[in-house]
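Please read the structure below before turning to the comments.
What follows is calculated from the coordinates using simple rules that are stated; it is not laboratory data. Predicted, not measured: the structure shown is a model, and the values here were computed from it. Every residue, glycine as well, gets a Cβ built from its backbone with ideal geometry; the counts of neighbours run over all protein chains shown.
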Amino acid sequence: MTPARDAQQDDPDVLLVARVGEGDADAYRELLAQHAPRLRQYAFRLLRDGAEADDVMQETWLRVWLKAREYRGEARVTSWLHRMVHNLAVDRLRARGRWDDASDEEPEAPISTRQPALLDAKRDVESLQQALAGLPERQAAALTLVHLHGLSAAEAQAILGVSEDALESLLARGRRRLKAALSSSPATKEPSDDAS
């Protein structure tokens with residue numbers, strides 16, 4: 001067995017995709033129920049438009065139904081699905097001239113992509129959503145994949161189609177901008193010690 005196949009043994013979604021490939025509508029509904037909310041969130045994060053995100057989701061799930069038989073397990077099912085959503089969303093962004101394939105800065109020194117969660121107990125989800133919406137699409141995509149959806153750096157690189165250095169740069173710049181946006185947001189400022 002290849003290393004990719006070994007890694008797939010622990011992915012229960014592989015069996016669901018195989019069943020979908022055989023035309024099993026129940027497996028399709030189960031896969032949809034498990035992954036649609038996060039994939040829709042990712043599409044919206046990239047497109048920043050609910051109707052377009054919904055269109056991307058419809059096309060994604062149509063492709064899943066039609067192409068499930070072709071899935072070979074080279075990546076986890078989650079990565080495979082994210083890659084489909086990503087490609088469809090980026091096609092729409094390119095058509096609008098909003099997606100730049102080139103990195104706009106030199107890569108920074110390597111950093112760990114497994115940093116503490118971006119959202120701690122004192123920050124609310126709405127502030128995070130607003131801050132992420134203010135980031136460039138590529139930075140928001142990298143942060144979403146790694147920190148919010150829990151994908152590995154290698155999976156995020158494959159989905160985004162970038163090198164390790166480029167991913168690290170996107171994450172570092174995104175974190176910096178996100179931290180600045182969250183620290184300036186009134187909802188996320190910590191109370192001072194003299195506040196009663």
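For the stretch 152-182, the set of residues classified as of a type in the set (Gly, Ala, Ser) and either in a helix (DSSP H, G or I) or within 15 Å of the chain's Cα centre (by Cα) (or both) consists of Ser152, Ala153, Ala154, Ala156, Ala158, Gly161, Ala166, Ser169, Ala172, Gly174, Ala180, Ala181, listed by residue number. Taken over the stretch 69-97, the criterion of being under 11 Å from Glu155 (Cα atoms) and small (Gly, Ala, Ser) is satisfied by Ala75, Ser79. The lone criterion from (1) surrounded by fewer than 21 Cβ atoms within 10 Å (Cβ to Cβ); (2) touching a residue at least 12 places away in the same chain (Cβ under 8 Å); (3) of a type in the set (S, T, N, Q) left unmet by Thr60 is number (1).
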